[in-house]
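The values are calculated or read from the model by the stated rules, or taken from the named source; none is laboratory data. This is a predicted model, so every value here is computed, not measured. Because the Cβ atoms are built from the backbone with ideal geometry, glycine has one as well, and the counts that use them run over all protein chains shown. When the accessible area is computed, the model is the full protein with side chains, heavy atoms only, and any ligands, DNA or RNA have been set aside. Shrake-Rupley method; radii C 1.70, N 1.55, O 1.52, S 1.80 Å.
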Amino acid sequence: MGNPGDEYATTRHNTGFMVLDAFAKASNTVFSDKRYGFVAETSLKGRKVVLLKPSTFMNLSGNAVRYWLGKENIDQHRMLVVSDDVALPLGQFRLKANGSNGGHNGLGHIQQLIGQDYPRLRIGIGNDYPQGGQIDWVLGRYSDEDLKQLQPSIDTAVDIIKSFVLAGIDITMNQYNKLGKKTGVQTQT
(Lines give C-alpha, C1' and ligand atoms only; values in the text may rest on other atoms or scores of the structure.)
Protein backbone atom coordinates (compact mmCIF):
# COMPACT_ATOMS: atom_id res chain seq x y z
CA MET A 1 0.00 0.00 0.00
CA GLY A 2 1.03 3.56 -0.64
CA ASN A 3 0.26 6.68 -2.61
CA PRO A 4 1.03 7.11 -6.32
CA GLY A 5 3.36 9.82 -7.61
CA ASP A 6 6.98 10.83 -7.18
CA GLU A 7 6.11 13.27 -4.39
CA TYR A 8 5.24 10.28 -2.16
CA ALA A 9 8.03 7.92 -3.26
CA THR A 10 10.10 7.87 -0.06
CA THR A 11 7.42 8.79 2.46
CA ARG A 12 6.64 6.56 5.41
CA HIS A 13 3.16 5.88 4.04
CA ASN A 14 4.77 4.30 0.96
CA THR A 15 6.68 1.62 2.85
CA GLY A 16 4.48 -1.05 1.26
CA PHE A 17 5.34 0.24 -2.21
CA MET A 18 9.03 0.24 -1.27
CA VAL A 19 8.76 -3.47 -0.42
CA LEU A 20 7.00 -4.27 -3.72
CA ASP A 21 9.60 -2.27 -5.66
CA ALA A 22 12.35 -4.33 -3.99
CA PHE A 23 10.48 -7.56 -4.77
CA ALA A 24 10.01 -6.53 -8.42
CA LYS A 25 13.70 -5.61 -8.72
CA ALA A 26 14.77 -8.95 -7.22
CA SER A 27 12.38 -10.72 -9.60
CA ASN A 28 13.63 -8.74 -12.60
CA THR A 29 10.15 -7.48 -13.43
CA VAL A 30 8.72 -4.01 -13.94
CA PHE A 31 5.40 -2.37 -13.17
CA SER A 32 2.97 -1.35 -15.90
CA ASP A 33 0.27 1.30 -15.53
CA LYS A 34 -3.04 -0.57 -15.57
CA ARG A 35 -6.56 -0.06 -14.28
CA TYR A 36 -6.56 1.05 -10.62
CA GLY A 37 -2.83 0.59 -10.24
CA PHE A 38 0.64 -0.30 -11.31
CA VAL A 39 0.93 -4.04 -11.84
CA ALA A 40 3.86 -6.41 -12.25
CA GLU A 41 3.68 -10.15 -12.83
CA THR A 42 6.28 -12.80 -12.15
CA SER A 43 6.38 -16.39 -11.00
CA LEU A 44 7.97 -18.31 -8.15
CA LYS A 45 8.52 -22.02 -8.77
CA GLY A 46 5.67 -22.04 -11.26
CA ARG A 47 3.28 -19.99 -9.13
CA LYS A 48 2.00 -16.77 -10.65
CA VAL A 49 2.61 -13.68 -8.52
CA VAL A 50 0.76 -10.42 -9.21
CA LEU A 51 2.15 -7.30 -7.56
CA LEU A 52 -0.22 -4.34 -7.25
CA LYS A 53 0.59 -0.79 -6.25
CA PRO A 54 -2.85 0.90 -6.20
CA SER A 55 -3.13 4.23 -7.99
CA THR A 56 -6.27 5.02 -5.99
CA PHE A 57 -4.34 6.66 -3.13
CA MET A 58 -4.00 4.99 0.25
CA ASN A 59 -7.45 5.67 1.68
CA LEU A 60 -9.23 4.19 -1.36
CA SER A 61 -6.99 1.13 -1.80
CA GLY A 62 -9.94 -1.23 -1.45
CA ASN A 63 -11.18 -0.29 -4.94
CA ALA A 64 -7.97 -1.52 -6.56
CA VAL A 65 -7.71 -4.58 -4.34
CA ARG A 66 -11.29 -5.69 -5.01
CA TYR A 67 -10.91 -5.11 -8.77
CA TRP A 68 -7.65 -7.07 -9.11
CA LEU A 69 -8.82 -9.92 -6.88
CA GLY A 70 -11.78 -10.33 -9.23
CA LYS A 71 -9.84 -9.79 -12.46
CA GLU A 72 -7.17 -12.34 -11.54
CA ASN A 73 -9.63 -14.67 -9.74
CA ILE A 74 -7.52 -14.60 -6.56
CA ASP A 75 -8.94 -15.85 -3.28
CA GLN A 76 -8.41 -13.13 -0.68
CA HIS A 77 -6.64 -15.64 1.57
CA ARG A 78 -3.93 -15.88 -1.12
CA MET A 79 -3.41 -12.11 -1.09
CA LEU A 80 -0.86 -10.42 1.16
CA VAL A 81 -1.30 -6.71 1.81
CA VAL A 82 1.91 -4.89 2.77
CA SER A 83 1.44 -1.61 4.62
CA ASP A 84 3.02 0.82 7.04
CA ASP A 85 2.09 0.90 10.74
CA VAL A 86 2.64 3.83 13.13
CA ALA A 87 1.97 1.57 16.12
CA LEU A 88 5.19 -0.36 15.49
CA PRO A 89 8.77 0.85 15.89
CA LEU A 90 10.70 1.50 12.68
CA GLY A 91 11.28 -1.77 10.82
CA GLN A 92 9.35 -4.04 13.19
CA PHE A 93 6.92 -6.49 11.55
CA ARG A 94 3.44 -7.67 12.34
CA LEU A 95 2.45 -10.58 10.09
CA LYS A 96 -1.11 -11.79 10.60
CA ALA A 97 -3.59 -14.02 8.79
CA ASN A 98 -6.46 -11.58 9.42
CA GLY A 99 -7.65 -8.95 11.87
CA SER A 100 -8.81 -5.40 12.27
CA ASN A 101 -7.51 -2.40 10.37
CA GLY A 102 -5.85 -1.05 13.52
CA GLY A 103 -6.94 2.48 12.65
CA HIS A 104 -5.17 2.41 9.26
CA ASN A 105 -7.48 4.12 6.74
CA GLY A 106 -6.17 2.17 3.74
CA LEU A 107 -6.67 -1.17 5.48
CA GLY A 108 -10.05 0.14 6.66
CA HIS A 109 -11.15 0.75 3.07
CA ILE A 110 -10.06 -2.75 2.03
CA GLN A 111 -11.93 -4.16 5.04
CA GLN A 112 -15.03 -2.17 4.08
CA LEU A 113 -15.04 -3.72 0.59
CA ILE A 114 -13.85 -7.32 1.14
CA GLY A 115 -13.92 -7.89 4.91
CA GLN A 116 -11.03 -8.35 7.31
CA ASP A 117 -10.22 -12.00 6.57
CA TYR A 118 -7.03 -11.57 4.51
CA PRO A 119 -3.31 -11.77 5.39
CA ARG A 120 -1.34 -8.60 5.97
CA LEU A 121 2.24 -7.64 6.67
CA ARG A 122 2.58 -4.39 8.56
CA ILE A 123 5.96 -2.70 8.75
CA GLY A 124 6.62 -0.24 11.53
CA ILE A 125 7.36 3.36 10.68
CA GLY A 126 7.51 4.56 14.27
CA ASN A 127 5.48 7.33 15.83
CA ASP A 128 7.92 10.05 16.82
CA TYR A 129 5.50 12.90 16.15
CA PRO A 130 3.77 15.45 18.38
CA GLN A 131 0.08 15.16 19.23
CA GLY A 132 -1.95 15.95 16.12
CA GLY A 133 1.04 15.41 13.83
CA GLN A 134 0.27 11.94 12.48
CA ILE A 135 -0.63 13.06 8.95
CA ASP A 136 2.60 15.05 8.59
CA TRP A 137 4.53 12.06 10.01
CA VAL A 138 3.14 9.40 7.65
CA LEU A 139 3.45 11.70 4.63
CA GLY A 140 6.93 12.79 5.70
CA ARG A 141 10.05 11.42 4.07
CA TYR A 142 12.41 8.96 5.68
CA SER A 143 15.80 10.36 6.62
CA ASP A 144 18.87 8.72 5.10
CA GLU A 145 19.58 7.16 8.50
CA ASP A 146 16.03 5.78 8.74
CA LEU A 147 16.31 4.31 5.24
CA LYS A 148 19.55 2.55 6.22
CA GLN A 149 17.83 1.16 9.32
CA LEU A 150 14.76 0.14 7.30
CA GLN A 151 16.58 -1.62 4.40
CA PRO A 152 17.17 -4.95 6.19
CA SER A 153 13.45 -5.01 7.04
CA ILE A 154 12.55 -4.39 3.39
CA ASP A 155 14.86 -7.24 2.36
CA THR A 156 13.24 -9.53 4.95
CA ALA A 157 9.78 -8.45 3.78
CA VAL A 158 10.69 -9.59 0.25
CA ASP A 159 11.64 -12.99 1.70
CA ILE A 160 8.38 -13.06 3.65
CA ILE A 161 6.41 -12.51 0.43
CA LYS A 162 8.28 -15.36 -1.25
CA SER A 163 7.57 -17.65 1.69
CA PHE A 164 3.91 -16.62 1.72
CA VAL A 165 3.57 -17.48 -1.99
CA LEU A 166 5.31 -20.85 -1.66
CA ALA A 167 4.32 -22.01 1.84
CA GLY A 168 1.27 -19.99 2.95
CA ILE A 169 0.60 -17.70 5.88
CA ASP A 170 0.85 -20.17 8.79
CA ILE A 171 4.28 -21.56 7.87
CA THR A 172 5.51 -18.07 7.00
CA MET A 173 4.40 -16.64 10.34
CA ASN A 174 6.06 -19.52 12.20
CA GLN A 175 9.29 -19.24 10.20
CA TYR A 176 9.68 -15.48 10.38
CA ASN A 177 8.53 -15.03 13.93
CA LYS A 178 11.14 -17.59 14.99
CA LEU A 179 13.75 -15.94 12.74
CA GLY A 180 12.98 -12.58 14.32
CA LYS A 181 13.76 -13.95 17.75
CA LYS A 182 17.09 -15.40 16.57
CA THR A 183 18.37 -12.56 14.39
CA GLY A 184 16.96 -9.47 16.01
CA VAL A 185 14.63 -8.65 13.11
CA GLN A 186 11.61 -7.61 15.07
CA THR A 187 8.38 -9.48 14.28
CA GLN A 188 5.07 -9.89 16.03
CA THR A 189 2.11 -12.19 15.54
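Assuming a ≥ b ≥ c are the square roots of the Cα gyration tensor eigenvalues, decide whether the range 34-189 counts as rounded (a/c under 1.5), prolate (otherwise, with a/b larger than b/c) or oblate.
oblate
Please tell me the relative contact order of the chain in percent, rounded to the nearest whole number, where contacts are Cα pairs under 8 Å and at least six residues apart.
Relative contact order of the chain: 25 percent.
Over the range 1-140, with the other protein chains present, what is the accessible area per residue in square angstrom, probe 1.4 angstrom?
Spelled out: the 1.4 Å probe surface of the range 1-140, per residue, equals 48 Å².
Near the amide H of Gly37, under 5 Å away, which other amide H atoms are found, from residues 5 or more places off or on another chain, if H is placed in the peptide plane?
Under 5 Å from the amide H of Gly37 lie the amide H atoms of Ser55, each far enough along the sequence or on another chain.
Could you work out the local net charge near Ser83, counting Lys and Arg as +1, Asp and Glu as -1, over the other residues with Cβ closer than 14 Å to its Cβ?
+4
Which aspartates and glutamates have a Cα lying under 16 Å from the Cα of Lys96, excluding residues fewer than 8 positions away in the same chain?
Filter leaves Asp84, Asp85, Asp117, Asp159, Asp170.
Tell me the carbon and sulfur percent of the accessible area for the range 107-150, rounded to whole percent, probe radius 1.4 Å.
Reported share for carbon and sulfur atoms: 44 percent.
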